[in-house]
Every structure is written in C-alpha cells, then in structure tokens.
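Peer 1: Questions regarding the structure given below will be posed in turn.
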Amino acid sequence: QVQLVESGGGLVQAGGSLRLSCAVSVRTFVTTTMGWFRQAPGKEREFVAEASRSGGMTYYADSVKGRFTISRDNAKNTVYLQMNSLKPEDTAVYYCKATSASRIVDGTGYDYWGQGTQVTVSS
C-alpha cells in the first residue's frame, strides 16, 4: 500500500515562504511521477506543480510560476514544494499526489494522494 504524508504547512504572512514535504512509502519511488495540488474553500482542486520521475523536468501552474519550486530526493522518497513570495490567494489545503503514469494528470496510472496540509497566508 502506497502512503503519502505531507508536512510543512502553516500560517505565514504575505510575502513569506514555506516548504512543504511529502514522504512517500513506495518501493519504486524513482518510477513515480510526483505532483502538488491545492484546494481552496469553495473551489475545485487545482494543479500546482509536477516533477518527472528523475526530477529533471518540472511543470508549474501559471499562478505559481516563478514563486514555487518543486524538487524531489529519490534517495529519501520525498518530494518538496518550496513556496516563496506567498500571497493570500495561495491559501488552500495542499495535497501531494503520486502516480505510476508518466504525467501527473495522465489518468492512465495508479494514483495516490496524501491527506493534505493547510497553508494559510495572511494579508
């Protein structure tokens, strides 16, 4: 059974930074595409960032491009989301997702989600 455990959320002022971590219990982490999504109150869950299996390719939503950085440490089975220049509109529950597919929203692989971690940005 694959488990994902997020950490690092919290309350921060606008302009501040947070780093989220997601530890993944899977034997084949190096073949798993990883990503972050978020869901604000009353809104649908949306894509934030994706890291390819090797970490060599990364993709971002336009709303976070230039402010957020996704990275992964395959030796530690962990993916990170460094969030800088945070804005109140970044407030949401952030979810980590793992998939056996080659892309995070491919829809053809086995998908796993973490429980989510709250990020609140005050103005």
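The values are calculated or read from the model by the stated rules, or taken from the named source; none is laboratory data. Every value quoted in this text rests on a predicted model; they were computed, and no experiment measured them. Cβ placement follows ideal geometry from the backbone for every residue including glycine, while neighbour counts extend to all protein chains displayed. When the accessible area is computed, the model is the full protein with side chains, heavy atoms only, and any ligands, DNA or RNA have been set aside. Shrake-Rupley method; radii C 1.70, N 1.55, O 1.52, S 1.80 Å.
Peer 1: Report the relative contact order of the chain, percent, no decimals, based on alpha-carbon pairs under 8 angstrom and at least 6 residues apart.
Peer 2: 35 percent
Peer 1: Residue 65: which lysines have alpha carbons under 16 Å from its alpha carbon, excluding same-chain residues fewer than 8 sequence positions away?
Peer 2: Straight-distance partners of residue 65: 87.
Peer 1: With r as the distance between the Cβ atoms of residue 118 and residue 27 and R0 = 41 Å, compute the FRET efficiency 1/(1 + (r/R0)^6) and round to 0.05.
Peer 2: Rounded to the nearest 0.05, the efficiency is 0.85.
Peer 1: Taking 0.36 nm per intervening residue step and subtracting the Cα-Cα distance, what contour gain separates residue 76 from residue 54 on full extension?
Peer 2: 6.6 nm
Peer 1: Another question, if that's okay. Considering only DSSP states other than H, G, I, E and B, which chymotrypsin sites (Phe, Trp or Tyr not before Pro) in region 31-123 qualify as loop sites with at most 11 other Cβ atoms within 10 Å?
Peer 2: Of the chymotrypsin sites (Phe, Trp or Tyr not before Pro), the ones in loops of region 31-123 whose Cβ has at most 11 other Cβ atoms within 10 Å are 110.
Peer 1: A further question follows. Between 41, 98, 30, whose Cα lies farthest towards the positive end of the dipole of the chain when Lys and Arg beta carbons carry +1 and Asp and Glu beta carbons carry -1, centred on the Cα centre?
Peer 2: So the residue we want is 30.
Peer 1: For region 25-71, what does the relative contact order come out to in percent, with C-alpha contacts under 8 Å and a separation of six or more?
Peer 2: 30 percent
Peer 1: Ignoring ligands, DNA and RNA, what percent of the accessible area of the chain is carbon or sulfur (1.4 Å)?
Peer 2: Of the solvent-accessible surface of the chain, carbon and sulfur hold 49 percent.
Peer 1: Can you compute the modelled spin-label distance between residue 11 and residue 102, with each label point 7 Å from Cα toward Cβ, in nm?
Peer 2: 4.6 nm
Peer 1: Which value in nm describes the separation of the simple spin-label points at residue 84 and residue 2, placed 7 Å from the Cα toward the beta carbon?
Peer 2: My value for the distance between the label points is 3.0 nm.
Peer 1: Before I look further, what does region 14-65 give for accessible area per residue, probe 1.4 Å, in whole square angstrom?
Peer 2: 53 Å²
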